[in-house]
Amino acid sequence: MPKGRLVPLLRFFLRTEVDTTPLGSAFSSERATVILPWVIGVMVYLALLMVSASMSIDNTIARWRADLADRITVVVPPAVEGLGGMPLTESHNSLLSFLRSDVSVSRAEEIPSAKLQLLLEPWLGTAAHVEGLPLPRMIEVDMRKVDSVAIAQLRTRLTENFPQVLLDDHRFWRNRLLAVGRILQGIGLVAMIVALATALVIVALGVQIAMSKHATTIQLLRVMGADDSYITAQFLPAVRRASAIGSLIGLLVFLSTYALLRIVGDGFAPQGMGPQDWQWAMVFFVPLFLFLAALAVLVITIWGRLREAP
Amino acid sequence: MVLVRFDNVGMRYGLGPEVLHDIAFSLPSGSFHYLTGPSGAGKTSLLRLMFLAQQPSRGTINAFGKDVTSKDRKVLQSLRRRIGVVFQEFRMVSHLSAAENVALPLRIRGMSEPSIREHVREIMAWVGLEHHTEADTATLSGGQQQRVAIARAVISNPDLLLADEPTGNVDDALAERLLYLFEQMHKNGTTVVVATHNRRLIERYPHPVFQLDDGWLKKS
Ligand SMILES: Nc1ncnc2c1ncn2[C@@H]1O[C@H](COP(=O)(O)OP(=O)(O)O)[C@@H](O)[C@H]1O
Ligand SMILES: [Mg+2]
């Protein structure tokens, strides 16, 4: 936009004379206008909850990806006393070295039983109870390149040499989880858009109703030669104020909710909950966007109505 | 110079029947005309065309040298600012005081607050309402509201002043006083059109008369 038009445009949106305008004072004291900040506040709050839920899911997905990327697990069932008649430890070492020497494997490491017990604790209870339980032994395998073909080939080679050993491909359930996560994330974003759109529709409806209510005065102003921006200016200060206050209310309540969750959930709140780093920019962008969009909706609504007649 | 010119103008409301037919006339700048005719003849409709609230369904209207049927919004808005209108039903903005109503045309023009106050004071004195500036318009009598309406129509010093039955709701003495205000505007060079039934007033202040009958215009 050329600078010559930006300055008058800014001046127009920043003008303040509420009480001297013929409709401004009436419009800003109407009940619909008085509750408008609260309606906008609720919608901004909902939108922020949705967007932060969506971001939490995104963060969790990112962590899953990092944890599970390109990793498969080789499971040795506990019943197998010795692989191929070999003594336990020896057969195990040969399995490890077999895996390590395989072309498709970059790393193979047994999960120490202590860590395994820790992982199983929620299901089996503390280490004391696990003592003596026949636990499977697990080997984490990082592959150079993970695709179905490479995994199938490794599986074939493995079962040829160690028939009782199982190869657990994380990718199947990982992909399922990722898909569920993405769907939830999508729902969150759609809900955010719906909340913001609802707030904007309410602004548009409020302006439409006010224009109908004051139709005779607007008609009078037009006959007197008022231009579109003069009539828009009647409604601008109240809507600007309502959307600024509403956006702030929504943001503040959201920040309070977040702080409360942080305090209450201290220690066991999952990592990645709530916005991280740059995502905070999004949190502040949502109310700002709504504020600006409400002004745009105001202008579009009024000009659309006024342009129905020359 | 011709200020307003109608050529072969017809008008209908929406899809309704034509209420004005083949209207052709011109208003010389600085002239004073009456517009008479029975109720329903189309006086208000003709004035609506003149103050550019309505577009004709056929024919052309030229005002201040511009074709107003072109529907150029900017042009229409600037032309409307040169026209003052006294409505048949006053059209006071009910939540504004008398002075605020009168100030409206100046606010639209973006005049500064002190000048507006000065102009309003002057014009309210001119219509004899200097003691009613802060009054709620609903508390004013019909005659007082009519004078507020006239003050509002003339405060911006329009080139064209249109009044729709301004003496319809007032007694003869006040009617004569109101006509005197229009006469003064006319003497100042404003082009005036007054719609009225009042034969006595027309005789008292004689000017050319447009006679409307069932949407047909006769000049006498
Ligand atoms: N807003 C309107 N919509 C439809 N018809 C109208 C409207 N206003 C006036 N009319 C019709 O137009 C005709 C002329 O009315 P009007 O111009 O008000 O006459 P007058 O002012 O001379 O009494 C009448 O038949 C009236 O019913
Ligand atoms: Mg009439």
Once you put a point 7 Å from the Cα of B:ASN8 and another 7 Å from the Cα of A:ASN175, both along the Cβ direction, what distance in nm separates them?
7.7
Rounded to whole Hz and in sequence order, give me ³J(HN,Hα) for the stretch B:143-157 from the Karplus expression 6.51 cos²θ - 1.76 cosθ + 1.60, θ = phi - 60°, writing x for Gly and Pro.
x, 5, 4, 4, 6, 4, 4, 5, 4, 5, 6, 9, 4, 8, 6
Heads up, the protein assembly as shown by the C-alpha gyration tensor (a ≥ b ≥ c square roots of eigenvalues; a/c under 1.5 rounded, else a/b over b/c prolate, else oblate) looks prolate
Modelled FRET efficiency - R0 22 Å, B:THR60 with B:LEU15, Cβ distances, 0.05 increments
0.50
Report the FRET efficiency, 1/(1 + (r/R0)^6), for A:THR159 and A:ARG182, where r is their Cβ-Cβ distance and R0 is 30 Å, rounded to 0.05.
0.35
Once amide H atoms are placed 1.01 Å from N in the peptide plane, what residues at a sequence separation of 5 or more from B:VAL209, or on another chain, have their amide H within under 5 Å of its amide H?
B:TYR34, B:SER220
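What chymotrypsin sites (Phe, Trp or Tyr not before Pro) does the stretch A:212-279 have in DSSP loop regions with at most 11 other beta carbons within 10 Å? Don't skip to the end; give the middle numbers.
Values: sites: A:TYR230, A:PHE235, A:PHE254, A:TYR258, A:PHE268, A:TRP278; in loops: A:PHE268, A:TRP278.
Answer by residue number: A:PHE268, A:TRP278.
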Residue-wise HN-Hα coupling along the stretch B:169-184, computed from phi with Karplus coefficients 6.51, -1.76, 1.60 (Hz; x: Gly, Pro):
10, 10, 6, 4, 4, 5, 4, 5, 4, 5, 4, 4, 4, 5, 4, 4
To the nearest Å, what is the center-to-center distance of the stretch A:239-254 and the stretch B:2-22, using C-alpha atoms only?
51
Over the heavy atoms of B:GLU118, what accessible area does a 1.4 Å probe trace out, to the nearest 10 Å²?
80
Karplus couplings for the stretch B:95-100 from phi (6.51 cos²θ - 1.76 cosθ + 1.60, θ = phi - 60°), rounded to Hz, Gly and Pro as x?
8, 10, 5, 4, 5, 5
At 1.4 Å probe size, what's the solvent-accessible area of A:VAL201? Round to the nearest 10 Å².
80
With label points built 7 Å along Cα→Cβ from the Cα atoms of A:VAL34 and A:LEU189, find their separation and express it in nm.
4.1
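Rounded to the nearest 0.05, what FRET efficiency do A:LEU9 and A:ALA309 have when you use their Cβ-Cβ distance and R0 = 22 Å?
For R0 = 22 Å, the calculated efficiency reads 0.35.
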Just read off the accessible area of B:ARG200 with the full protein assembly in place, 1.4 Å probe, to the nearest 10 Å².
120
Expressed in nanometres to one decimal, the distance between label points 7 Å along Cα→Cβ at A:ARG144 and A:PHE289 is 4.5
Sorted by accessible area (1.4 Å probe), largest first, how do A:TRP38, A:TRP303 line up?
A:TRP38, A:TRP303
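The values are calculated or read from the model by the stated rules, or taken from the named source; none is laboratory data. This is a predicted model, so every value here is computed, not measured. Every residue, glycine among them, receives a Cβ derived from its backbone with ideal geometry; neighbour counts consider all protein chains shown. Heads up: the accessible areas ignore ligands, DNA and RNA and are worked out on the full protein's heavy atoms, side chains in. Shrake-Rupley method; radii C 1.70, N 1.55, O 1.52, S 1.80 Å.
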